[in-house]
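Peer 1: Input: one structure, supplied below.
The values are calculated or read from the model by the stated rules, or taken from the named source; none is laboratory data. All values derive from a computational prediction rather than experimental measurement. Here the Cβ positions follow ideal geometry from the backbone for every residue, glycine too, while neighbour counts run over all protein chains shown.
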Amino acid sequence: MTHLTKNFARPEKAEEVVTFGSLDPSIQQLLTAAFQVRQRAYVPYSGFKVGAAFRAKVGGQIFTGCNVENAAFTPGSCAERTALAKAVSEGVTEFSVGAVLAYEPDVFTTPCGVCRQFIREFADEDIPIYVAQAIDARITAEEEPLRSDDPVLCTSIFNLLPSSFRTYRK
Ligand SMILES: [Zn+2]
């Protein structure tokens, strides 16, 4: 054994899939906020809309973000980084929980590798991340965006990015 891995990111809880209806109302609110901001996604190239929301640890304010594409591709930003950059620019750097909403028919859309590292920057402790599917037809039909039997992946930044890089020098 070595002490050299003792500060590594290790998840507090294993991933699981639950129903939307079984979640705490504050988590349902966060997922709904991510669903709503997703409608603003600027995605003229891929058409792949993503919404994200993070709740501030102090005060509980929700910061939302959508993905923003660019003709030159590289300058684009994912929804998670949009949301976190908004929060940081408002003076908030500690988060209790996050949510990500997108839609692929047969798979949950989890944060990309770059966003995992970006979230990790603000995770002194593990941050739970809830991932659900956003069904656009419900918007046009003016239905509830998320239903009680919808599946939700409950993961966390340390599940998504274990043994991750961070500098311990401040
Ligand atoms: Zn990303």
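Peer 1: Could you tell me whether any residue of the range 130-142 is of a type outside the set (Phe, Trp, Tyr) and farther than 21 Å from Gln29 by Cα?
Peer 2: Among the residues of the range 130-142, not one is of a type outside the set (Phe, Trp, Tyr) and farther than 21 Å from Gln29 by Cα, which makes the answer no.
Peer 1: Could you run through the range 120-137 and say how many residues are in a helix (DSSP H, G or I) and within 24 Å of Lys57 (Cβ to Cβ)?
Peer 2: 1
Peer 1: Shifting gears a bit: Among the residues of the range 86-110, which ones are in contact with a Lys or Arg (Cβ under 9 Å, 6 or more places away or on another chain) and within 18 Å of Lys49 (Cβ to Cβ)?
Peer 2: Gly98, Ala99, Leu101, Ala102, Tyr103, Thr110, listed by residue number.
Peer 1: With the checklist (1) in contact (Cβ under 8 Å) with a residue 60 or more places away in the chain; (2) surrounded by 12 or more Cβ atoms within 10 Å (Cβ to Cβ) in hand, flag the one item Ala14 doesn't pass.
Peer 2: It is condition (2) that Ala14 fails.
Peer 1: Among the residues that make up the range 29-36, is at least one of them closer than 23 Å to Pro162 by Cα, among the polar types (S, T, N, Q) and out of contact with any Lys or Arg (no Cβ under 9 Å at 6 or more places or on another chain)?
Peer 2: Within the range 29-36, none of the residues are closer than 23 Å to Pro162 by Cα, among the polar types (S, T, N, Q) and out of contact with any Lys or Arg (no Cβ under 9 Å at 6 or more places or on another chain).
Peer 1: Residues Val92, Val131, Val152: which one is in contact (Cβ under 8 Å) with a residue 12 or more places away in the chain, surrounded by 12 or more Cβ atoms within 10 Å (Cβ to Cβ) and in contact with a Cys (Cβ under 9 Å, 6 or more places away or on another chain)? Full working, then the answer.
Peer 2: Values: Val92 fails: in contact with a Cys (Cβ under 9 Å, 6 or more places away or on another chain); Val152 fails: in contact with a Cys (Cβ under 9 Å, 6 or more places away or on another chain).
Only one candidate qualifies: Val131.
Peer 1: Could you please find all residues in the range 138-170 being modelled with pLDDT under 95 and not in a loop (DSSP other than H, G, I, E, B)?
Peer 2: If the condition is that a residue be modelled with pLDDT under 95 and not in a loop (DSSP other than H, G, I, E, B), then Arg138, Ile139, Thr140 are the ones that fit.
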